[in-house]
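Take a look at the structure set out below.
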Amino acid sequence: MSSDAEMAAFGPAACFLRKSEKERIEAQNKPFEAKTSVFVVDPKVAFVKGVITNRETGKVTVKKEGGDSVTVKDDQIFPMNPPKYDKIEDMAMMTHLHEPAVLYNLKERYAAWMIYTYSGLFCVTVNPYKWLPVYNPEVVNAYRGKKRQEAPPHIFTISDNAYQFMLTDRENQSILITGESGAGKTVNTKRVIQYFATIATTSDKKKEAEPQQTGRLKGTLEDQIISANPLLEAFGNAKTVRNDNSSRFGKFIRIHFGATGKLASADIETYLLEKSRVTFQLKAERSYHIFYQIMSNKKPELIEMLLITTNPYDFAFVSQGEITVASIDDQEELMATDSAIDILGFNAEEKTAIYKLTGAVMHFGNMKFKQKQREEQAEPDGTEVADKAAYLMNLNSADLLKALCFPRVKVGNEYVTKGQTVQQVTNSVGALGKAVYEKMFLWMVVRINQQLDTKQPRQYFIGVLDIAGFEIFDYNSLEQLCINFTNEKLQQFFNHHMFVLEQEEYKKEGIEWEFIDFGMDLAACIELIEKPMGIFSILEEECMFPKATDTSFKNKLYDQHLGKSANFQKPKPVKGKPEAHFSLVHYAGTVDYNITGWLEKNKDPLNETVVGLYQKYSMKTLATLFADRPLDAEGSGKKAAKKKGSSFQTVSALFREEQSNVNLSKFRKIQHELEEAEERADVAESQVNKLRVRSREVHKTVSVAE
């Protein structure tokens, strides 16, 4: 335990990391009766402190702290830890380790503004929802090179330990940052990156920036790694019901180091961007921050260039929920985003394209169509909005409207013109807007990676995984099922590879232990979603039938799973809440899902004629975004390598492919090492067996000779 003098190195952060010696001594000397002090189950606050006043067979009477006496069963009371364990920094050290002791300790530390607490190998963080001075430069320096027990709990210790293990063990390391939405995952991810960028810096700080060929300034490698966050957050973060700045995508960031531990390069992989948010938000939510940053009017030239106003309510796609967030200054954030684009080395043409395509997506939401008289055919209801969108995308407005209302589709070896209803055109516009936004986001990630890929030699990396958090909304659709399913898979992977391996250690050491398969807690729900005839499988099957509807999809789900799987339930109607069609019992809670529009969302159809316009006539950046489309609807003779199933690739199929990468390929270091060790053991055993056979043969030969 550090003395007050040693804690002085942490500066103003000291009081937020560890209490003074005087306070700790006072806490330890509180009166305490070990035999009667307990936690008792409480219907309102989960658990409260109390003192046992009477014991009977199977029952106990407890006087609650500041309350009445209650009589409960034996299994509803839990022994309390002595005062010396109050606000303990590592909960694994407690005498009595159970749920109320953990919750009470976290609550007490949180009340004293100590947001970090260890639990064995893990660091538990409780979001304070305010900025604390615990990430200042002096704090970074104070944690540098410290062993875990030598400093208070902090994300910097986890980071520094990973860095030291990488250098001493000469192995890559991974840091997993997980938790529910709003827990503070993204902030802690940024702090991990900040720590590595600070302690492993490669550049001379005097060379703060170097000129590019374009004459713009690009930052140092550590500046660029840190600047990737504001850019990705602007385009990939949004306000949700519980979180003002929620990542609506997952990311795996690798920080590469040279042999001596100097920063060498970095790369980012992203997963599962929630593109539906581009066209739809719940009432208490907001779309991606970039839209509101642009309309904040901090850079009036953007308003003029994009032909937009400063009022989000003028644009249907971005005004279905809230338009401001109390904790976010959109003007300030716009400047950070704009600066990040420059630091990351985007040239002037690319920077303009990013803003123009964002503006075009906003205009897409305002395009209106009407039905022709006595026909089901749609036609434009005015061309002004289409003119603006086409101008920003460098398209011909008439060609764009014609492609939307009369797309050309391939039938056999010929192209024919197909009529569209108003609803079909509206769906098509939404799908195209989402596709432009998503592809632009992924392209920005590629460009960021190109910039972060230096030619310096790299020896090791530390990977940081930050995923979208588990959430339960009033209205949960396909996107939320995907996010919650990813969390379910990751939790299973985590449980198996941490707890199962831990139990293997107990076995080796001869500790008596009843084996628990932690992974099985989640298996039923995971199989219900992903296995053959599971939810995704039935959804993909229904997408193949032209006459399938939401009702037919729901009926198939009920026929296949209701009453057969305990994790699939029929929801109870709740007054004032949106309709729910089925409930899933997840590891973290039961969620009601609404399946309206799932078939259309899963097909995610793109108007290939419009895509053809993007490819041939648009600005260079937009053409690049759609360069990989497998067909050219205008029949220009382009040939693309057709992947298996590329003619019908659903959102759920793509999602399963992506999340398998998140869960399986990134954190199998332990498993691969185990497999390699087993292979080496097999080879060794094989060689031993060969030697034994040879020895027997020699022995026989010697015996015969004798």
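Bear in mind these aren't lab numbers, they're just calculated from the coordinates by the rules spelled out. These figures come from a predicted structure and were not determined experimentally. When we count neighbours, we look across all protein chains shown, and the Cβ atoms used for this are built from the backbone with ideal geometry, even at glycine.
Some points to look at:
- Taking other C-beta atoms within 10 Å as the exposure proxy, 401, 562, 606, 231 rank 562, 606, 401, 231 from fewest upward.
- Residues 565, 181, 552 in ascending order of nearby Cβ atoms (within 10 Å, fewest first): 552, 565, 181.
- Stokes-Einstein D for region 522-620, Kirkwood Rh over Cα pairs, 20 °C, 1.002 mPa s (µm²/s): 138 µm²/s
- Per residue, the convex hull volume that the Cα atoms of region 137-207 enclose (Å³): 119 Å³
- Under the convention that each Lys and Arg Cβ holds +1 and each Asp and Glu Cβ holds -1, the size of the dipole of the chain around its Cα centre is about 660 debye.
- For the chain, the share of DSSP beta bridges that are antiparallel, to the nearest 5, is 90%.
- Once the C-beta distance of residue 149 and residue 32 is scaled by a Förster radius of 25 Å, the resulting FRET efficiency is 0.45 to the nearest 0.05.
- Here the sum of -39500 (n - 2.57) over DSSP H runs of 4 or more residues, divided by the residues of the chain, equals -13500 deg cm²/dmol at 222 nm, to the nearest 500.
- Nearest-0.05 FRET efficiency for residue 64 and residue 574, computed from C-beta distance (R0 35 Å): 0.65
- Region 54-95 - Rg and Dmax from Cα coordinates, angstrom: 13.4, 37
- Relative contact order of region 67-208, taken over Cα pairs closer than 8 Å and 6 or more residues apart, is 16 percent.
- Cα-based reach from residue 73 at 13 Å (exclusive), listing aspartates and glutamates while leaving out same-chain residues under 8 positions away: 42, 56
- Shown here is the pair-distance distribution of region 242-303: with all Cα-Cα distances grouped in 5 Å bins from zero up to the longest one, the shares run 4, 13, 15, 15, 13, 14, 11, 8, 5, 2, 0 percent.
- What the Cα convex hull of the chain gives, in volume per residue, is 275 Å³.
- Once you divide the Cα radius of gyration of region 410-493 by 2.2 N^0.38 Å, the number left is 1.74.
- Sequence-distant contacts, meaning Cα pairs under 8 Å at least 6 residues apart, place the relative contact order of the chain at 11 percent.
- Region 344-459: translational diffusion in µm²/s, Stokes-Einstein, Kirkwood Rh over Cα pairs, 4 °C, 1.567 mPa s: 79 µm²/s
- Cα-centred dipole magnitude for region 400-534, charges only on beta-carbon of K, R (+1) and D, E (-1), debye, nearest 20: 1540 debye
- Leading residue at positive end of dipole, the chain (Cβ point charges), from 106, 459, 81: 459
- Only alpha carbons enter this Debye calculation for region 12-150, each as an equal point scatterer, and the log10 of I(q)/I(0) it gives at q = 0.09, 0.11, 0.18, 0.21 Å⁻¹ is -0.34, -0.49, -1.08, -1.34.
- With the charge dipole of the chain set up from +1 on Lys and Arg Cβ and -1 on Asp and Glu Cβ about the Cα centre, the Cα lying farthest toward the positive end among the listed residues 444, 37, 591 is that of 444.
- Top positive-direction residue, dipole computed over region 537-583 with Cβ charges, set 574, 538, 553: 574
- Its Cα centre serving as origin, region 565-604 has a Cβ charge dipole (Lys and Arg +1, Asp and Glu -1) of approximately 160 debye.
- Placing dummy labels 7 Å off each Cα toward the beta-carbon, the span from residue 368 to residue 22 is 7.1 nm.
- Exposure proxy order (Cβ contacts within 10 Å, fewest to most) of 30, 49: 30, 49
- Approximate shape of region 86-211 as ellipsoid semi-axes (Cα gyration tensor, √5λ), whole Å, largest first: 29, 17, 13
- Linear extension gain, residue 56 paired with residue 459, 0.36 nm per residue minus alpha-carbon span: 138.6 nm
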